[in-house]
1. Please find, within segment A:148-165, the residue that is farthest from the other protein chains (Cβ to nearest Cβ) out of those that are in contact (Cβ under 8 Å) with a residue 60 or more places away in the chain and outside any loop (DSSP other than H, G, I, E, B).
2. Can we say B:LEU147 is open to solvent by 100 Å² or more (accessible area, probe 1.4 Å), more than 7 Å from chain A (Cβ to nearest Cβ) and assigned to a helix (DSSP H, G or I)?
3. Which of the residues that make up segment A:101-137 are more than 22 Å from B:ILE185 (Cα to Cα), within 16 Å of the chain's Cα centre (by Cα) and open to solvent by 40 Å² or more (accessible area, probe 1.4 Å)?
4. Kindly evaluate B:ARG191 against the criterion of being in contact with an Asp or Glu (Cβ under 7 Å, 6 or more places away or on another chain), over 27 Å from A:LYS121 (Cα atoms) and modelled with pLDDT of 85 or more.
5. Among (1) at pLDDT 65 or above; (2) closer than 30 Å to B:GLN138 by Cβ; (3) charged (D, E, K, R); (4) open to solvent by less than 100 Å² (accessible area, probe 1.4 Å), where does B:ASP4 come up short?
6. What number of residues within segment B:172-219 satisfy the criterion of being surrounded by 11 or more Cβ atoms within 10 Å (Cβ to Cβ), facing another protein chain (nearest Cβ under 7 Å) and part of a loop (DSSP other than H, G, I, E, B)?
7. Name every residue in segment A:166-190 that is more than 30 Å from A:ARG131 (Cβ to Cβ), within 11 Å of chain B (Cβ to nearest Cβ) and of a type in the set (Val, Ile, Thr), in order of residue number.
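The values are calculated or read from the model by the stated rules, or taken from the named source; none is laboratory data. Note that the structure is a prediction, hence the values are computed from the model and not measured. Cβ atoms come from the backbone with ideal geometry, glycine included; neighbour counts cover every protein chain shown. Surface accessibility is based on the protein's heavy atoms, side chains included, excluding ligands, DNA and RNA. Shrake-Rupley method; radii C 1.70, N 1.55, O 1.52, S 1.80 Å.
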Amino acid sequence: MTASSIHPLNDRRSKLGHYAGFVSRLIAFMLDTGIISITIIFTSWFLTASLNLLQGGAIIHSLAKSFPLIEKAEFFLTHPVTHGVATVVFVVMYYIFFWVTIGQTPGKYILGLRVVSSNGKRLKLFQAVLRYLGYYLSGLPFGLGFFWILIDDQRRGWHDRLADTCVIYVWDARPDERFLVRLMTEILHRRETLKDLLHRQKQS
Amino acid sequence: MSGDSGWRSATRLIVGALLTGYDGLTQRVSNWEQKVPLSAADAGSYNQEADKPQLAEAEPLPEPRLQHMLVGLFFKAEEQVETYLNTAERASRLVGKLADLTIGPLYRSRWLSPLRRNVDWFADRGQKVVNEWIRLGQAESHRSRELVKTALNEQVDNAIDQLAANEKVQELVQSQSAGLVDELIEETRERTVSADDFLEAIVRSLFRRQPRWKLPEPPQEMIAQAEKQHRQLYGRSLHK
């Protein structure tokens, strides 16, 4: 655990195994959200279309008149609360399943990130559950728990602290210097433009 | 193609190819001419008589002199041929007039009317043959063009079909696509890593916290674990 003491602009070493930053994790989260949304929409459409095509609704409805159990089941399955619960269960299972089995959701896989215990080992089930619950904790005060990643020494959010986990790069991570230079130039240029604008406003 | 011999088809194909090729070439030449406008200012060409003194006094151009000489010779030769043809035309008209004046009365006389009728008959027959050729030429030109167009389109379609069915081409397209996806992912990752560091540096400086590069690195066992997982997950495809 020694400090690298090399300035980031001169550091060309791989960041494989280092703590992953806020932007990578945010993009991975957005990708996961997209994947989950598409899966839910497609599954919902597929089930509805299949039932309509096979006249499933009419069959169940006619059976429900004769069998009270089927009537109850129909009520339960078609209730909006059931759909809501099913969606939540799916989302929870999505995260927990991927964290526990391979340590990375599809979004994190694309960005080359992995969720591990603070000792570098694979997550246990209770850690995964805690981490998922920690998402709500981090999100409640206007996402402060997520933004905590930006100032934490180990780039850990509140959910990471709660479950004793961290997110690391599992690819040969190296920053793109050209992109960094372009980004800095753009920001400096905008700063100069803003200064100029304020100066003119003061004069007028 | 019923009733036509193979030779006729081959002839049509050749004529059609020549006509189509000539049309294409003419069109391209006209396009090239339009793309290279010849203004009066940069006229190094030999247009009018008035240009001659200017050309004689003009500065030698940097291009090879031999090339210019040959091009000039070619155009001069064309002018000469045109002049000779004009002279020949004038001479033939003069000869015709003279012949008409001298032999005309004799030719139109009653004594030679049987001969005149025969000549006229031959002339009519010749005209008919020429008219037949023109009619045939018009019809065949159109058919030949259509034949070549059809043959070309068919060949292009066949070539595309064969390329699409070729396993090596398919493999090449797939590998190229996979390579592109890999490259895109790699670039996205590199940029997000850069953005991670950049944004964090700004926020940490705002909160007066130590910069990342002064902080201790993660435990070595964690890095070792990550290296092991990296080898297991991505193999060689994304490994630099």
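1. Once the filter is applied, the top-ranked residue is A:ILE149.
2. Details: open to solvent by 100 Å² or more (accessible area, probe 1.4 Å): no; more than 7 Å from chain A (Cβ to nearest Cβ): yes; assigned to a helix (DSSP H, G or I): yes.
Spelling it out, it is not the case that B:LEU147 is open to solvent by 100 Å² or more (accessible area, probe 1.4 Å), more than 7 Å from chain A (Cβ to nearest Cβ) and assigned to a helix (DSSP H, G or I).
3. A:VAL129, A:LEU130, A:LEU133, A:TYR136, A:LEU137
4. Details: in contact with an Asp or Glu (Cβ under 7 Å, 6 or more places away or on another chain): yes; over 27 Å from A:LYS121 (Cα atoms): yes; modelled with pLDDT of 85 or more: yes.
It is true that B:ARG191 is in contact with an Asp or Glu (Cβ under 7 Å, 6 or more places away or on another chain), over 27 Å from A:LYS121 (Cα atoms) and modelled with pLDDT of 85 or more.
5. Exception for B:ASP4: condition (1).
6. So the count comes out to 5.
7. A:VAL181, A:ILE187
Yes or no, residue by residue, for (1) at pLDDT 95 or above; (2) in contact with a strand residue (DSSP E or B) (Cβ under 7 Å, 6 or more places away or on another chain); (3) within 17 Å of A:PHE29 (Cβ to Cβ):
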| site | (1), (2), (3) |
| --- | --- |
| A:PHE76 | no, no, no |
| A:HIS79 | no, no, no |
| A:GLY84 | no, no, no |
| A:PHE90 | no, no, yes |
| A:ILE110 | no, no, yes |
| A:ARG114 | no, yes, yes |
| A:SER118 | no, yes, no |
| A:LYS121 | no, no, no |
| A:LYS124 | no, no, no |
